[in-house]
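All remarks here apply to the structure that follows.
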Amino acid sequence: MFRKTMAAILAVCMTGMIAFTGCGDTSDSSSSSSSSTEATNAPAAEAGENEATDAPKEAGENEATDAPREAGGNNASSSSADYSFHGEKFVVTLYKDKAPITCENFEKLVSEGFYDGLIFHRIVEGFMAQGGDPEGTGMGGSDETIKGEFSSNGVENDLSHKRGVISMARSMDPNSASSQFFICFEDSSFLDGNYAAFGEVTEGMETIDAFLEVPRSMGNDGDISAPNDPIVIDKAVMIDPDENGNPRAEFTMK
């Protein structure tokens with residue numbers, strides 16, 4: 001029941017989100033990320049108006065726009081805590097063997113300083129934290145979109161959406177991922193096969209968990225997901241690969 005509820009939520013949220021994948025060859029890039037991108041209950045990029053309404057549903061699910069939202073966002077607060085993360089960091093390890101195009105795109109954006117100063121605009125308790133939108137609304141992205149590396153789009157990718165995994169947000173278009181990404185707070189395997197997971201947080205997951213301490217209000221996804229105080233990425237840089245040669249990106253929060 002939970003999987004169906006989340007899938008439905010994803011659908012509703014994903015409509016407005018533009019999934020952004022990063023890695024690989026930009027020759028697979030589609031159109032510019034001007035389509036919106038946000039993943040309300042599912043990693044999706046908001047395409048214009050639907051926060052993850054255009055987002056892919058769980059395999060076998062119908063697009064349930066009226067599907068119930070994920071429970072978990074009801075710790076909204078009307079007051080702002082002026083929360084700051086004071087240089088706290090997290091490290092993402094990229095798995096090019098799972099999603100090479102997505103990883104290459106993500107690495108390029110990090111190296112270009114694209115994520116510096118951007119925010120995590122959507123925080124859904126029990127689900128995920130979404131960021132990487134230059135507009136900060138779930139509607140923006142980078143100049144290019146990339147091929148969605150997941151099974152329902154004809155690409156084998158067995159990296160499951162477990163806690164700490166990072167994946168690309170997108171709209172209903174499977175090849176609409178651009179720069180928006182999300183990090184799972186909890187195992188969300190119902191997303192497997194419909195979103196491009198491409199790495200995981202290998203250091204500093206406690207920093208991501210702390211995002212939940214920031215009071216939230218109603219977001220574009222119809223859930224209590226919009227932080228009252230901005231959760232800002234100060235700087236993202238590529239650092240030395242891990243012992244297996246996997247690329248790594250370090251994010252420092254403001």
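The values are calculated or read from the model by the stated rules, or taken from the named source; none is laboratory data. These numbers were taken from a predicted model, which means no experiment stands behind them. Positions of Cβ are generated from backbone atoms using ideal geometry, with glycine treated the same way; all protein chains shown enter the neighbour counts.
Of all residues in the range 178-203, which are under 12 Å from CYS103 (Cα atoms) and not hydroxyl-bearing (Ser, Thr, Tyr)?
Scanning the range 178-203 gives PHE181, ALA196, ALA197, PHE198, GLY199, GLU200.
So, in the range 183-221, exactly how many residues are under 20 Å from ASN246 (Cβ atoms) and hydrophobic (A, V, I, L, M, F, W, C)?
8
Given the residues GLU200, GLU135, GLU206, which is the only one that is farther than 20 Å from PRO227 by Cα, modelled with pLDDT of 95 or more and of a type in the set (D, E, K, R)?
One residue alone meets the criteria, GLU200.
Please determine, by comparing only the residues of the range 180-218 that are polar (S, T, N, Q) and under 20 Å from GLY138 (Cβ atoms), which one is surrounded by the fewest Cβ atoms within 10 Å (Cβ to Cβ).
SER217
Under 6 Å by Cβ, and 6 or more places apart or on different chains, what pairs join a residue from the range 191-217 that is closer than 13 Å to VAL155 by Cβ and assigned to a loop (DSSP other than H, G, I, E, B) with one that is of a type outside the set (A, V, I, L, M, F, W, C) and at pLDDT below 95?
Sorted first by the residue in the range 191-217, then by its partner, the pairs are ASN194/PRO56; TYR195/PRO43; ALA196/THR21.
Could you tell me whether any residue of the range 219-235 is out of contact with any Ser or Thr (no Cβ under 9 Å at 6 or more places or on another chain) and over 20 Å from GLU104 (Cβ atoms)?
yes
May I ask you to list the residues in the range 234-244 that are in contact (Cβ under 8 Å) with a residue 12 or more places away in the chain and either closer than 18 Å to CYS184 by Cβ or surrounded by fewer than 19 Cβ atoms within 10 Å (Cβ to Cβ) (or both)?
Answer for the range 234-244, where residues must be in contact (Cβ under 8 Å) with a residue 12 or more places away in the chain and either closer than 18 Å to CYS184 by Cβ or surrounded by fewer than 19 Cβ atoms within 10 Å (Cβ to Cβ) (or both): ASP234, LYS235, VAL237, MET238, ILE239, ASP242.
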